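A.B. asks: One structure, pasted below without further comment.
The values are calculated or read from the model by the stated rules, or taken from the named source; none is laboratory data. A quick note: this is a predicted structure, and the numbers were derived from the prediction, not measured. Reconstructed Cβ throughout: ideal geometry from the backbone, glycine too, with neighbour counts over all protein chains shown. Surface areas here come from the heavy atoms of the whole protein model, side chains and all, with no ligands, DNA or RNA. Shrake-Rupley method; radii C 1.70, N 1.55, O 1.52, S 1.80 Å.
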Amino acid sequence: MEPASSAGSQSQSGPEPGAGEPLQPAMPLHPVASQSRFQVDLVTEGGGDGQKGQPAAQPAAAAAAKDADRGDGGAAAPTPASPAAPASAAATEEAKGRFRVNFVDPASDEPPLSGHQQQQPPSSASSSHGHQPPSESMNGYPQNGDTMLSEGSLHSSGTSAHHYYDTHTNTYYLRTFGHNTIDAVPRIDHYRHTVAQLGEKLIRPSLAELHDELDKEPFEDGYVNGEESSPAEEAVSKHVSDNKGVVKFGWIKGVLVRCMLNIWGVMLFIRLSWIVGHAGIGLSLLVIGMATVVTTITGLSTSAITTNGFVRGGGAYYLISRSLGPEFGGAIGLIFAFANAVAVAMYVVGFAETVRDLLVEHNALMIDEMSDIRIIGTVTIVFLFGISVAGMEWEAKAQIVLLGILLIAIVNFTVGTFIPAHDKRAKGFFNYQGEIFSENFGPDFREGEGFFSVFAIFFPAATGILAGANISGDLADPQLAIPKGTLLAILITTIVYAGAAVSVGSCIVRDATGNLTDAIIPGTVTNCTNAACKLGFNFSSCATVKCSYGLMKDFQVMSLVSGFGPLITAGIFSATLSSALASLVSAPKIFQALCKDNIYPGLHVFSVGYGKNNEPLRGYVLTFFIGLGFILIAELNVIAPIISNFFLASYALINFSVFHASLAKSPGWRPAFRYYNMWISLIGAILCCGVMFVINWWAALLTNIIVLALYIYVTYKKPDVNWGSSTQALTYLNALQHAIRLTGVEDHVKNFRPQCLLMTGAPTSRPALLHLVHAFTKNVGLVVCGHVHTGPRRQALKEISTDQAKYQRWLIKNKMKAFYAPVYAEDLREGTQFLLQAVGLGRMRPNTLVFGFKKDWRQALMKDVENYINTIHDAFDYQYGVVVIRLKEGFNISHLQAQEELCASQEKSAHPKDIVVNLEHSDADSSKPSSKSVSETNSPAVSQDQKDEEDDGKASTQPLLKKEVKDPSVPLNMSDQKLLQASSQFQKKQGKGTIDVWWLFDDGGLTLLIPYLLTTKKKWKDCKIRVFIGGKINRIDHDRRTMATLLSKFRIDFSDITVLGDMNTKPSKDNITAFEEMIEPFRLHEDDKEQEASEKMKEEEPWRITDNELEICRMKTYRQIRLNELLRENSGTANLIVMSLPVARKGAVSSALYMAWIETLSKDLPPILLVRGNHQSVLTFYS
């Protein structure tokens, strides 16, 4: 049936769209920025009488009703059981006040129609006349209200342009709860990643869509409630992978077969007998057991990781990187891919050596032994490369054939041990004999061999357990296949290794001559007591003469024992070729996954895949040439131990990953595989490291150095990835534990450090303020950038949610060790109060409020000035120190930012590589302000933040501090040029200047501590501290010596101490006159008004300065004017001035007068910090 043709509705009284945050459509369609995923319309009372084709009662709807098949006002389609109009009319009445949810397909060019314009589906017409067939129910949904098709079915149908559902009779989601809702029921598609390989990424209704109130105005720009889709929603991939033709393997073909082929190597056929000869049956089983313990623990750890979420391609690299992070993953991924590539050469050379030995045996060498290995190896790797490039399906078929040959060879050997062979007795083979078992059970180490050297030779035979995990991207169900296949492969191969060791140890003696003349009659030789003598052969001559047979000397014992010797040779060929083929496939897959993550940017070219299976053809070619290069060397005795150590390093990190994830106690660590233990995994990691040094100590050291070097490189590059690694989880856990532990420790004056709540607004808008504070808090104390948002609540809250991540990322990229803390409030003072009370955690709480001087206070609303001054009083009330910073040029460059962003966005489309920056200041709106944002620096206290228009929500790493603009078409005025220069002045090295400290009042030492901390930093270390104090003319020398003694006890270096004896001298008349002119607009002049009028005015405008107040505070006023004269005289050339902030008593000094004092004190000076501690000691001279 055809679905309803419209997605919108409109009553005759006008459109009344409802609330809901617009999202991109959940279905895999092309997004259209101007349409909302949900449109919620109010259903009004203006429905018609329900008669088919009859217009609605209201005249306003007459035109719209002409094309309508029903006149119910768009309330609901009648159900199959509804006979006719009365039911429809009843439904309309019941629907009054409800809302309708219209699910719009943005891919359609047809605009949403109104409810009256909506055409009735054919099935609806038929349903009004009788029973509707189930197959023609509405949009494929049964109309019983209980069960519907899945979302995926709807999205994949492609049969309709619009999907219309009325919440009164239908919902998009299952009507499980018996009422109308757009709320989604739980389903897996909501939890998929952006790129979903196994299904579509669907978006559940946002909280705003469910929670926000319904608007009474039409949608603006197509967005509900004026909201736009979030970057995360826009990034959702709409492409669903076409799985047709993709080859996926099950646990047998994909994991079990590969692991068994990789574990069973040539060691089984040509070295196991030698190991039994040296170590004996008992220690050989111990060697096999120890290797199995290591591989089993690693297998359990691998199983735990792979069942803790969906596993993509990349094998060991993917497992380690997603568990421990990109640093360890990137290091291991590179060396593991390289080890697999070189392993191809190792196995091919092993195959070539076996073929060469056959050629030598038959005198058929082509050139010489070395050249023949190269020729055979080259031909072999070309053949294997062809199989690999042909596709995973052909490679899997080849593996099955090779496994069949290998199994036949093993069966052939087993059968051979039971076949009596009297002609083989001279070579030491006697079938199963108790005497031989007893003799060979104990060790007989010779030629400098020992237990660990024998173990080192055997252990590489036990590797290969990751062969299945390495092609995790080609498995149908990695979570099931990898644990099942890997552990079963370890079990089967261990049984075969142990059985073969016991068999050869029970059948063959250690030494044999191969001469039939050594046969004797048992018991006739008196000094011959070994097992061979008891069985009729005297091999005692092997003690003095080199023998060629027996467990110790004959590497072809398996061929000797087997029923048909050439099958063992075929088994050797199968073992080497299968291992080579597995490595040739694994290396490119791992390398491709590594390159896709862009850990090493230069290697991204190898991330490209081809065909349905996304085959890494470029990786195959690279692996081919690496393998070919090592084959041409044909000497792998040095590189082989390094490769084994590379594999062991991967095993160690996989085990450590499980331990680390368990230790971090992350709620996301929930493996479906339960048979693991964090401490056993840790033991497994330690065992792997130990085995590395047992096999080859220098190779182990080299491996660790390479891993460490790659780890440092990746850490330095800091790839922009977030995989939710256990490193992040453990970092959080450690921070939480240390914060709690710190809470139990009382503060001590020796450990005091300034922890600043820095009121920057948007951190990018006042860089100079941030850089100066960061200079004395970096690696010392906490900095929290406070940002008070005001304006419309909904818009402000939306900005807060986007700004949080954006500005924190900006701080990190600019290496600012600070936190960003936005808050919504009615005004600056309220927002600052929230931050003063709530910011921080335990002992990590701000103790100093820092903000910029309000430069434009005389032009601003006095309400804002009142809030600004009251913020200082609030800080003192909360026992905070206060720092007010002033630059002559000001701090706020947000108006320049807005111009640059607008220009950059305009130029980007036309000239993406030539962005012309227009920084010409204009008061006109350069971009649409998103909401009001409060700051307390220069510019009005309530300023407007400009919307960040960057593509991904990230701010520039060098924000708008361009000092030279040479383009004559975009000139900067003089004030803006000075503002830009001032904005970057604290990023430069300060040189040999001075920091003048005017420590006039003892505030606990904060005024002295801040300049000292500045001089410990690289950019300020050449600056000298000069101290200025107040004193009396007749005691200047005494006061200087007293201060010098105090500073020396504090261990603070200084270059000079100046005692100001004339601080209380009356300032010049010109300066007094200038001050009076400045405060004139803010005076009350109550003497010139009637008492009642003046009292009323003072009550309405409490910031006004009364004549009485001005007279009482005259001496304080003169002091501020005089101090400014002294500052300009003594510190006019200083790099920075740090001065005690005057304190005004609450209720006694009006806001306007206090602001005038600060203005007068700090005007026309270099950068100045007005500091007032909370009068608790922050310095001590005690140890």
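A.B. asks: In the stretch 1053-1157, if the dipole is taken from +1 on Lys/Arg beta carbons and -1 on Asp/Glu beta carbons about the Cα centre, which of I1112, Q1091, F1054 is farthest to the positive end?
C.D. replies: F1054
A.B. asks: Probe of 1.4 angstrom, ligands and nucleic acids ignored: what's the accessible area per residue over the stretch 303-444, in square angstrom?
C.D. replies: So the stretch 303-444 comes to 40 Å² accessible per residue, rounded to a whole number.
A.B. asks: Can you list residues from other chains, or at least 5 along the same chain, whose modelled amide H is less than 5 Å from the amide H of L1060?
C.D. replies: HN-HN under 5 Å from L1060: I1029, G1030, G1031.
A.B. asks: Quote the charge dipole size of the stretch 304-426 about the Cα centre in Debye, to the nearest 20; the model charges only the Cβ of Lys and Arg (+1) and of Asp and Glu (-1).
C.D. replies: With only Lys, Arg, Asp and Glu charged at Cβ, the dipole is about 440 debye.
A.B. asks: Of the cross-linked pairs K815/K863; K978/K1019; K817/K1116; K750/K1116; K596/K815; K888/K1018, which ones have a Cα-Cα span greater than 29 Å in the structure shown?
C.D. replies: Beyond 29 Å: K815/K863; K817/K1116; K750/K1116.
A.B. asks: Let me ask something else. Given a 1.4 angstrom probe, I'd like the percentage of the accessible area of the stretch 457-506 that is carbon and sulfur, rounded to a whole number.
C.D. replies: 76 percent
A.B. asks: Pull out a ≥ b ≥ c, the square roots of the eigenvalues of the alpha-carbon gyration tensor of the stretch 502-584, then state rounded if a/c is under 1.5, prolate if not and a/b is larger than b/c, and oblate in the remaining case. Please report the intermediate quantities before stating the final value.
C.D. replies: Details: a/c = 3.22, a/b = 2.79, b/c = 1.15.
Taking the square roots of the gyration eigenvalues as a ≥ b ≥ c, the stretch 502-584 is prolate.
A.B. asks: Using the per-residue mean of other Cβ atoms lying within 10 Å as a proxy for protection, in what order, highest first, do the peptides 802-814, 720-732 fall?
C.D. replies: On the way: 802-814: 18.0, 720-732: 16.2.
So the peptides 802-814, 720-732, ranked by packing, come out 802-814, 720-732.
A.B. asks: Apply the Karplus curve 6.51 cos²θ - 1.76 cosθ + 1.60, θ = phi - 60°, to the phi angles in the stretch 693-702 and return the couplings in whole Hz, x for Gly and Pro.
C.D. replies: 6, 5, 5, 6, 5, 6, 5, 5, 4, 4
A.B. asks: Here is a follow-up. What number, in percent, do you get for the relative contact order of the stretch 637-727 if the mean sequence gap of Cα pairs under 8 Å and at least 6 apart is divided by its residue count?
C.D. replies: 41 percent
A.B. asks: P(r) of the stretch 619-762 in 10 Å steps, Cα pairs, percent per bin?
C.D. replies: 9, 21, 28, 22, 12, 6, 2, 0
A.B. asks: Sticking with this structure for a sec: Between V401 and K988, with labels modelled 7 Å along Cα→Cβ, what's the label distance in nm to one decimal, could you check?
C.D. replies: 7.5 nm
A.B. asks: For a protection proxy built on the mean count of beta-carbon atoms within 10 angstrom, sort 860-868, 1098-1106, 459-467 highest first, please.
C.D. replies: On the way: 860-868: 18.8, 1098-1106: 15.6, 459-467: 25.2.
So the peptides 860-868, 1098-1106, 459-467, ranked by packing, come out 459-467, 860-868, 1098-1106.
A.B. asks: Applying 1/(1 + (r/R0)^6) with R0 = 60 Å to the Cβ-Cβ distance of K1096 and V721, what FRET efficiency is obtained, to the nearest 0.05?
C.D. replies: 0.40
A.B. asks: Follow-up. What translational D, rounded to a whole number of µm²/s, comes out for the stretch 369-497 from Stokes-Einstein when the hydrodynamic radius is the Kirkwood one over Cα pairs, at 37 °C and 0.692 mPa s?
C.D. replies: It comes out at roughly 170 µm²/s.
A.B. asks: Would you kindly derive the ³J(HN,Hα) couplings of the stretch 735-743 from the backbone phi angles with the Karplus curve 6.51 cos²θ - 1.76 cosθ + 1.60 (θ = phi - 60°), listing them in order in whole Hz, with x for Gly and Pro?
C.D. replies: Those phi angles translate into 5, 5, 5, 5, 5, 5, 5, 5, 4 Hz.
A.B. asks: Let me ask something else about it. Per residue, how much accessible area does the stretch 640-725 have with a 1.4 Å probe, in Å²?
C.D. replies: Here the residues of the stretch 640-725 average 51 Å² of exposed surface.
A.B. asks: What number comes out for the charge environment of N530, summing +1 per Lys or Arg and -1 per Asp or Glu over other residues with Cβ under 13 Å away?
C.D. replies: Taking every other residue near N530 into account, the sum is -3.
A.B. asks: With the Cα gyration tensor of the stretch 508-663 giving a ≥ b ≥ c as the square roots of its eigenvalues, does the rule (a/c under 1.5 for rounded; else a/b larger than b/c for prolate; else oblate) give rounded, prolate or oblate? The partial results should precede the final answer.
C.D. replies: Working: a/c = 3.56, a/b = 2.61, b/c = 1.37.
Prolate.
A.B. asks: A further question on this structure: Which percent of the accessible area of the stretch 1011-1084 is formed by carbon and sulfur heavy atoms (probe 1.4 angstrom)?
C.D. replies: Ligands and nucleic acids excluded, carbon and sulfur give 49 percent.
A.B. asks: While we're looking at this one, here's another question. Place the peptides 833-843, 494-504, 579-589 in order of packing, highest mean first, counting for every residue the other Cβ atoms within 10 Å and averaging per peptide.
C.D. replies: So the peptides 833-843, 494-504, 579-589, ranked by packing, come out 579-589, 494-504, 833-843.
A.B. asks: In terms of modelled amide H atoms, which long-range or inter-chain residues lie less than 5 Å from the amide H of C1023?
C.D. replies: Here the answer is G993, since their amide H atoms fall under 5 Å of that of C1023.
A.B. asks: Okay, moving on. In nm, give the distance between the simple-model label positions of L617 and A860, each being 7 Å from the Cα along the Cα-to-Cβ direction.
C.D. replies: 6.5 nm
A.B. asks: Still on this model: With every protein chain present, what is the per residue accessible area of the stretch 1111-1174 (1.4 Å probe, Å²)?
C.D. replies: On the way: 2110 Å² over 64 residues.
Accessible surface, normalised per residue, equals 33 Å².
A.B. asks: Any chance you could check the Cα centroid distance between the stretch 747-791 and the stretch 277-356 for me, in angstrom?
C.D. replies: Result: 49 Å between the Cα centres.
A.B. asks: Right, another one. So what is Rg over Rh here for the stretch 779-827, counting just Cα atoms and using Kirkwood for Rh?
C.D. replies: 1.05
A.B. asks: Using 1/(1 + (r/R0)^6) with R0 = 45 angstrom and r between the beta carbons of F383 and R670, what's the FRET efficiency to the nearest 0.05?
C.D. replies: My answer for the efficiency is 0.50.
A.B. asks: Taking a ≥ b ≥ c as the square roots of the eigenvalues of the Cα gyration tensor of the stretch 970-1114, is the shape rounded (a/c under 1.5), prolate (a/b larger than b/c) or oblate?
C.D. replies: Because a/c hits 1.5 or more and a/b fails to exceed b/c, the stretch 970-1114 counts as oblate.
A.B. asks: In addition: Given a 1.4 angstrom probe, I'd like the percentage of the accessible area of the stretch 689-765 that is carbon and sulfur, rounded to a whole number.
C.D. replies: Result for the stretch 689-765: 63 percent of the exposed heavy-atom area is carbon or sulfur.
A.B. asks: Then there is this: Cα centroid distance between the stretch 985-1062 and the stretch 567-628, in Å?
C.D. replies: 67 Å
A.B. asks: Any idea what Rg and Dmax come out to for the stretch 749-908 if you just take the C-alpha atoms, in Å?
C.D. replies: 15.9, 55
A.B. asks: Here's a follow-up. Work out from phi, with θ = phi - 60° and the Karplus expression 6.51 cos²θ - 1.76 cosθ + 1.60, the ³J(HN,Hα) of each residue of the stretch 480-493, listed in order in whole Hz, and give x for Gly and Pro.
C.D. replies: 8, 6, 5, x, 5, x, 5, 5, 5, 5, 4, 5, 5, 5
A.B. asks: I've got another one for you. What nm distance separates the two modelled labels at K248 and D877, each placed 7 Å from Cα along Cα→Cβ?
C.D. replies: Inter-label distance under the simple model: 6.4 nm.
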